[in-house]
Amino acid sequence: MGPVNILADVREAQSGVPSLLEKLGARVGYRDLPVADYIVSPDCAVERKDVGDLANSIVSGRVFDQAKRLSDAYKVPVLIVEGDLEGLLRFHENPRAVWGALASLSIGMRLHVFFTPNKLQTAQLIY
């Protein structure tokens, strides 16, 4: 098996995840991606959100637009939620809204939703 090639959105460079992917052995290229943060194959793309961004994008409704575009463009759309989800749920005004949004994304929009505690685990999952 040759090196893994991953295309990352240019805005993800500052997250540190692409450099972790490179340390794992991936070849990472950068582009301004119209949909997704990472493209791992012609069929699979990944949107990465930390828990704070997820909370904000649920409230604004942005996450549902992103999910629709991701699902329309790729056979295997993936959402990775990175960080302390338990902390988010504990301090969120309505934890059921978070669970409802995640259920809607997973079931209604066919996103494969994964949770990681940190950037290293995110990179390992993407790799």
Q) How much net charge surrounds GLY16 when only the other residues with a Cβ under 13 Å from the Cβ of GLY16 are counted, with Lys and Arg +1 and Asp and Glu -1? A) -1
**Q.** Tilt relative to the chain, helix 51-60 - C-alpha long axis, 0 to 90 degrees, to 10
**A.** 60
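Given a 1.4 angstrom probe, I'd like the percentage of the accessible area of the range 27-73 that is carbon and sulfur, rounded to a whole number.
Carbon-and-sulfur percentage of accessible area, whole number: 51.
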Q) What number, rounded to the nearest 500 deg cm²/dmol, is the helix-based mean residue ellipticity at 222 nm of the chain, given -39500 (n - 2.57) per DSSP H run of at least four residues and division by all its residues? A) -11500 deg cm²/dmol
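Please compute the per residue accessible area over the chain with all protein chains in place, 1.4 Å probe, rounded to a whole number of Å².
Numbers: 6970 Å² over 127 residues.
Per residue, the chain has 55 Å² of solvent-accessible surface.
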(Q) Run the numbers for ASP84 and ASP43: contour at 0.36 nm per residue of separation, minus the present Cα-Cα distance, in nm. (A) 11.9 nm
Q | Long pairs among LYS23/LYS119; LYS23/LYS49; LYS68/LYS119, criterion Cα-Cα beyond 23 Å | A | LYS68/LYS119
Q. How about LYS75: which aspartates and glutamates have a C-alpha closer than 12 Å to its C-alpha, ignoring those fewer than 8 places off in the same chain?
A. ASP43
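The values are calculated or read from the model by the stated rules, or taken from the named source; none is laboratory data. None of the values given here were measured: they were computed from a predicted structure. Reconstructed Cβ throughout: ideal geometry from the backbone, glycine too, with neighbour counts over all protein chains shown. The area values use the complete protein model at the heavy-atom level, side chains included, leaving out ligands, DNA and RNA. Shrake-Rupley method; radii C 1.70, N 1.55, O 1.52, S 1.80 Å.
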